[in-house]
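To start, the structure itself, in structure tokens.
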């Protein structure tokens, strides 16, 4: 394999990672990116390091390596991703991008900027020292022993082993005691406080980091507390399961914790297990095709999957550790809470894939070792009376709604597992109280410890999540309690002091009138509704472009079928037939032919019945198809916010560089357009925005001198209008100097002084889109990059859009980009030539004119018409496409089309209608004509050829030369 | 018979680079590549390689998780090939504890790699050693 391949592959992969990092860092400035985001950041940086190293690029490697170290602190050591860290990483990423550009062009190493490396080194030192601990102000005042312990960083394994030495014997004794009580047919007398002791031991184990043992002990304590006979099957199975968990810990650390005492069951053969598992697994093997299902059917599929999952979930207890199980349940609840059925399903399928793999792997290993359990007890449905809270999934509870109703951040959904559903339900029903406490645990360690102790003593349970507010990481605790929330809030301040409590309130249902949030006036504002919604369950399925195109084309065919069906029903041959049948019936009746009349009547009834049923079906088909069509479009479209994400930073950086104070507002990011369009739009839009900041907006001093506010305003607005999306970039800067544009246009020979004099200002401004046109007096950093406005227009036109500029001196400039939302379905003007119907994509059509024959003149063998003072060449569409002349009426109708700067008139017989048409890939035969773009079938079943205006214009240009 | 090797890395470039290094040794044969741990599990069942070269930092399923599962389903030898897991690092120790046959660093400085240095590469020698024992 040649070196070329590696260089190319290196270029592509690095570019992807750089882009990913850029996106995530921008996101991080606006709100928390979550653990997934941080992992992605780390992984991308890590990949860049590895790739650079492999290519021997020490410059890039040195930068990426340092960034990776810093991100490692965030990912593994819990150091918060604060603003100045993000900004530093952005600078580093910029450096990486420019190095990347250099090395891929030169195919050799390029050194990194030493100053940047130094700042990265310093930052790493600083962040690893400060860590997630106390802010600078509090640190010197209280040199806590806790802080020192963190700095030493003892080997975590050592700590665990020591804790095991301490607690192991206690745990083993406790396990054996409980086993003896629960499993013995003649139970030993049990001290009443055993459950309590087990729980207290559980807490101590948890504090020492032995969370696996905490879970085991808690479960055992629960078992003791339940008063059921010792021979209960369920109990035996459950204890066996706990024993299994315990034995995993024993095996991992080589200690005896009494796990063997919990298992009574003789291990059954692995085959039994495999059989028991087969049914739910095959249910999961569905190849669900989303498009084939109605919404109801989708819901059914999901319900089935949930049932299957419940079984699997129970099996998982054997197959994997408890953490994986809980994590799965949590993800499933989130998926179920997601409003979109499709998303929930996609998510479930992804999860199931993982579950199936895990089960399979586990099965293989169990089969090998012969160490399996009898699963038949496990597969039995859970007893209705007392469902085991750790296994039964309760998808019915709508967590998202609860959070919304109670003014809680929707990110809580990520931390709420099904174990909390009961409590949430109780809170909703008013039988349990909840308090939301926002607290700064980093303020000082002693208060934090006090707070956690207090919460543990007061709360039945609690859920917490971290909140980034400015540079600080705060924690929100959702505390479930049976005590009076008001008193609790007061007590909290008395216990831990007000300094670390940012906000505390009783969690109650919000209604329209009452606002329950009682923020402390002096407290820093807490971001409770982040601008970035967390991306919980939205899993993307990868679909090949070809499959998607195939699907779209099938949908297109269905649209044609629908049109033909409705035309057929409108024709209503059946209706006429029914009338004549009735007529014949009457005549036969007059002749007294009763039998024939009855027969005819029956025929009539059947036909009538069929007709109305057909109409019903057509209506239904039509409705479903509309939905399907929307879905099909949705599959290819993305919100413009994908495109917007990188702009704020460009504006900020460039503004800062040029000393301009810019307020940048973006609206309409939810507007969706075709994926390919988004991709093609990136560069033009960046260019326009850069251009606006660079040339359009003034410095604060200039603005004040011009009587404007010091802060400049730049707006990016997107709206959807019918089948088009309109993007406007509006600045309130100095505007475009029309005179200079005009001068330049004459200098460049783009027009003559005479022609210029006849033009409106608006027409003159459009010259900025001409190739090589630039009025910038100085070549600035941004405008010197060689991408001119002509490239912008070329890019926009290539995706079927239009760009226009308007400007008012001293007031500002507006760029309007109009785009088709979908490349496939297009608004088309249908015209008629003889017996043929021809489609012209509406985006090329400027207007339709009808004039007297006398107004058409011949100019050098070319028909022309003087349209509002401009010479417009006219062509018979018929002669272009079919080589024949059109018939010539007294009145001549032509369609004015434009592509790029050229405009021509196409003479047609008549304009039929406008229609939304699905343009399929052209038939090879059609494609051979340079003038035809595609062909489609219209509502009345006729073939409509679609004109390729660009191709046609090109040919016309050649013909003229 | 040649020793069958599966290369697991989320970077196509790295896959190709490692494949090229491994294939330079006539005793070794790269039977397949995988983009992540999950992919690798499937490929191992299908291809039954003698040695798996496994990266650690990967999306979907990372190297450590993969290693745990690989040891459950197959007798294949696993060599961790990663820049995270330098010898003696916690990840390296964890990987060894989970049954990795060895932990070695990813290749560096591909630009200077000629055929000779490829043959003598640490990766190939490690694979041969691991496959024997």
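The values are calculated or read from the model by the stated rules, or taken from the named source; none is laboratory data. Please read these numbers as outputs of a predicted model, since none were measured by experiment. For neighbour counting, all protein chains shown are included, and Cβ atoms are generated from backbone atoms with ideal geometry for every residue, glycine included.
Considered as a group, the residues in segment A:1-46 that are out of contact with any strand residue (DSSP E or B) (no Cβ under 8 Å at 6 or more places or on another chain) and assigned to a loop (DSSP other than H, G, I, E, B) include one that is nearest to the other protein chains (Cβ to nearest Cβ), and that residue is A:1. Residues considered: A:599, A:654, A:614, A:638. Of these, the only one that is surrounded by 13 or more Cβ atoms within 10 Å (Cβ to Cβ) and not in a helix (DSSP H, G or I) is A:638. Scanning segment A:460-506 for residues that are outside any helix (DSSP H, G or I), at pLDDT 75 or above and over 36 Å from the mean Cα position of the chain (by Cα) gives A:481, A:482, A:483, A:484. Highlighted here are the helices (runs of 4 or more DSSP H) found entirely within segment B:1-101 that include at least 2 residues which are within 13 Å of chain A (Cβ to nearest Cβ) and farther than 23 Å from residue A:12 by Cβ: B:37-47, B:63-73, B:90-97.
With respect to the conditions (1) in a loop (DSSP other than H, G, I, E, B); (2) closer than 22 Å to residue A:84 by Cα, residue A:56 lacks only one, and its number is (2). Quick check on residue A:577: is it at pLDDT 65 or above and under 57 Å from the mean Cα position of the chain (by Cα)? Here the answer is yes, as residue A:577 does meet what is asked.
Taking the stated definitions as given, is residue A:801 surrounded by 16 or more Cβ atoms within 10 Å (Cβ to Cβ) and within 31 Å of the chain's Cα centre (by Cα)? Yes; evaluated as a whole, the condition is true for this residue. May I ask you to verify whether residue A:830 is modelled with pLDDT of 80 or more, under 40 Å from the mean Cα position of the chain (by Cα) and farther than 27 Å from residue A:679 by Cα? It is true that residue A:830 is modelled with pLDDT of 80 or more, under 40 Å from the mean Cα position of the chain (by Cα) and farther than 27 Å from residue A:679 by Cα. Close contacts from segment A:436-459, counting a first residue that is closer than 26 Å to residue A:407 by Cα and a second that is part of a helix (DSSP H, G or I) and at pLDDT 65 or above, with Cβ to Cβ under 6 Å and a gap of 6+ residues or different chains, come to A:441/A:448; A:451/A:496; A:454/A:495. Summed over segment A:47-62, residues that are surrounded by fewer than 24 Cβ atoms within 10 Å (Cβ to Cβ) and either away from chain B (no Cβ under 11 Å) or under 27 Å from the mean Cα position of the chain (by Cα) (or both) total 2. For segment A:702-722, the criterion of being at pLDDT below 85, under 30 Å from residue A:902 (Cβ atoms) and part of a loop (DSSP other than H, G, I, E, B) is met by at least one residue. Among the residues of segment B:46-58, not a single one is surrounded by fewer than 20 Cβ atoms within 10 Å (Cβ to Cβ), out of contact with any strand residue (DSSP E or B) (no Cβ under 8 Å at 6 or more places or on another chain) and within 29 Å of residue A:36 (Cα to Cα). Restricting B:109, B:120, B:99 to those that are at pLDDT below 85 and under 19 Å from residue B:3 (Cα atoms) reduces the list to B:120. Selection of segment A:844-871 for residues being within 30 Å of residue A:943 (Cα to Cα) and either out of contact with any helix residue (DSSP H, G or I) (no Cβ under 9 Å at 6 or more places or on another chain) or part of a strand (DSSP E or B) (or both) yields A:845, A:846, A:847, A:848, A:849, A:850, A:851, A:863. Does segment A:91-102 contain at least one residue that is over 13 Å from residue A:48 (Cα atoms) and in contact with a helix residue (DSSP H, G or I) (Cβ under 6 Å, 6 or more places away or on another chain)? The answer is no, given that none of the residues of segment A:91-102 is over 13 Å from residue A:48 (Cα atoms) and in contact with a helix residue (DSSP H, G or I) (Cβ under 6 Å, 6 or more places away or on another chain).
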